[in-house]
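Heads up, the thing below is written out as structure tokens.
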Amino acid sequence: MWTTGPTMTRPELSGVSLKGAVDLQDNVAGLSKPGEFAEILPDLKASDHRAVRMPGSHSEWAFRISGKDILARKPAKKCKLYVIARIEKQPATNSASMAFVAGVYDNDKKDYPAQSKVNFADATEEYRAWPIGTFEPSANRDIFVAPASNPAVKAVWVDRVYLLPEQ
């Protein structure tokens, strides 16, 4: 589902204008090895009561939105990327480890115009808008989310992705 505008408020985005925002729901993402590395499951905490669940036991880009799909929604020329995600934690954990990584991959240049690594200590079991970075969308720039192959992470849940016009 593609929508624009203020479809859902997040506390982390209070005071931020959502005018012109592109909201990319979980069903827009391509999933790697569905049922093994990622799958869309019911989740009452998610905005549409479903989300992509990725077990924390791997580090594959199991959630990926194609640059062509992003451009089809005509985002701003330069966007701030936010991933709305939560972490399902294991009981015994190392808080200094990484929970997940998200970013933008440029398939032509083989680089990352935007990327962020979320530490386990900062992760929460409630959905949060994680700022990933600013980038210029193009057909060759995909958005990805991947667990960090961390035994402390039971699962990474991704509800949606926001692209906010840079102001």
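Being without any contact (Cβ under 8 Å) to a residue 40 or more places away in the chain and part of a loop (DSSP other than H, G, I, E, B) is the filter here; which residues of the range 48-73 pass it? Across the range 48-73, the qualifying residue is only HIS49. When GLU125 is tested against (1) crowded, with 19+ Cβ neighbours inside 10 Å; (2) under 26 Å from GLY35 (Cβ atoms), only condition (1) is not met.
For the range 82-113, the candidate set comprises residues that are surrounded by 13 or more Cβ atoms within 10 Å (Cβ to Cβ) and of a type in the set (Asp, Glu); within that set, the residue that is modelled with the highest pLDDT is ASP106.
Scanning the range 52-78 for residues being small (Gly, Ala, Ser) and more than 20 Å from ASN150 (Cα to Cα) gives a total of 4.
Test SER116 against the criterion of being more than 22 Å from LEU18 (Cβ to Cβ) and either crowded, with 17+ Cβ neighbours inside 10 Å or among the polar types (S, T, N, Q) (or both), and give yes or no. Against the criterion (more than 22 Å from LEU18 (Cβ to Cβ) and either crowded, with 17+ Cβ neighbours inside 10 Å or among the polar types (S, T, N, Q) (or both)), SER116 does not qualify.
Confirm whether ARG86 is assigned to a strand (DSSP E or B) and either without any contact (Cβ under 8 Å) to a residue 24 or more places away in the chain or not aromatic (Phe, Trp, Tyr) (or both).
Working: assigned to a strand (DSSP E or B): yes; either without any contact (Cβ under 8 Å) to a residue 24 or more places away in the chain or not aromatic (Phe, Trp, Tyr) (or both): yes.
Yes, satisfied.
Of all residues being out of contact with any His (no Cβ under 9 Å at 6 or more places or on another chain) and in contact (Cβ under 8 Å) with a residue 60 or more places away in the chain in the range 29-47, which is surrounded by the most Cβ atoms within 10 Å (Cβ to Cβ)? Just the residue, please. Among those residues, the one meeting the criterion is ALA29.
Based on what the data block shows, is PRO147 under 18 Å from ALA51 (Cβ atoms) and surrounded by 17 or more Cβ atoms within 10 Å (Cβ to Cβ)? Spelling it out, PRO147 is indeed under 18 Å from ALA51 (Cβ atoms) and surrounded by 17 or more Cβ atoms within 10 Å (Cβ to Cβ). Is it fair to say ASN140 is more than 16 Å from ARG64 (Cα to Cα) and not hydroxyl-bearing (Ser, Thr, Tyr)? No; evaluated as a whole, the condition is false for this residue.
The values are calculated or read from the model by the stated rules, or taken from the named source; none is laboratory data. Keep in mind that this is a model prediction, so the values were computed, not measured. FYI the Cβ positions are ideal-geometry reconstructions off the backbone, even for glycines, and counts take in every protein chain you see.
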